[in-house]
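K.L.:
Can you read through this structure? Questions will come right after.
The values are calculated or read from the model by the stated rules, or taken from the named source; none is laboratory data. Predicted model, so just to flag it, every value in this text is computed and none were measured. In this analysis, Cβ positions are derived from the backbone assuming ideal geometry, glycine residues included, and neighbour counts consider all displayed protein chains. SASA here: full protein model, heavy atoms, side chains in, ligands and nucleic acids out. Shrake-Rupley method; radii C 1.70, N 1.55, O 1.52, S 1.80 Å.
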Amino acid sequence: QVQLVGSGGGLVQAGGSLRLSCTASGSIFSINAMGWYRQAPGEQRELVATITSGGVTKYGDSVKGRFTISRDNAKNTAYLQMNSLKLEDTAVYYCNANLRVTSFPTRNDYWGQGTQVTVSS
């Protein structure tokens, strides 16, 4: 009913940049927030960044000043520009959207399949 498709992960050297994107499709009535969470091996999933439909952003402490989230509401797409990447940014990045589908009156969280980001020295 709803799909989140992410792209843009890969392998990059420390200090480099990557850009992730995530597009929501399906029977969507409205999208509240979109963003990314990440999970490294043996670690809990943590917030990377989120953005509301009004453009209000929130970042995890470890990425503030290095990552920038943006959104194209018309395309139901969010973008995550990751600069000055560090070894500790290596993780699987999961796209998330809090949205309402056309057939149901409340919002729920939906997740993408995950995109691997690997930062090498």
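K.L.:
Out of all the residues in region 49-74, which are in contact (Cβ under 8 Å) with a residue 40 or more places away in the chain and either more than 14 Å from the chain's Cα centre (by Cα) or over 23 Å from R100 (Cβ atoms) (or both)?
P.N.:
Within region 49-74, just N73 meets the criteria.
K.L.:
While we're here: Scan region 106-121 and report the pairs whose first residue is within 14 Å of Q13 (Cα to Cα) and whose second residue is basic (K, R) and open to solvent by less than 40 Å² (accessible area, probe 1.4 Å), with Cβ atoms within less than 8 Å and a gap of 6+ or a chain change.
P.N.:
Qualifying pairs under 8 Å: V117/R38.
K.L.:
Give region 112-121 a look and list any residue that's buried (at least 18 other Cβ atoms within 10 Å of the Cβ), part of a strand (DSSP E or B) and within 14 Å of the chain's Cα centre (by Cα), or say none.
P.N.:
Within region 112-121, T115, V117 meet the criteria.
K.L.:
Any idea which residue in region 8-28 is most open to solvent (accessible area, probe 1.4 Å), counting only those that are among the polar types (S, T, N, Q) and under 22 Å from S62 (Cα atoms)?
P.N.:
Per the criteria, the residue is Q13.
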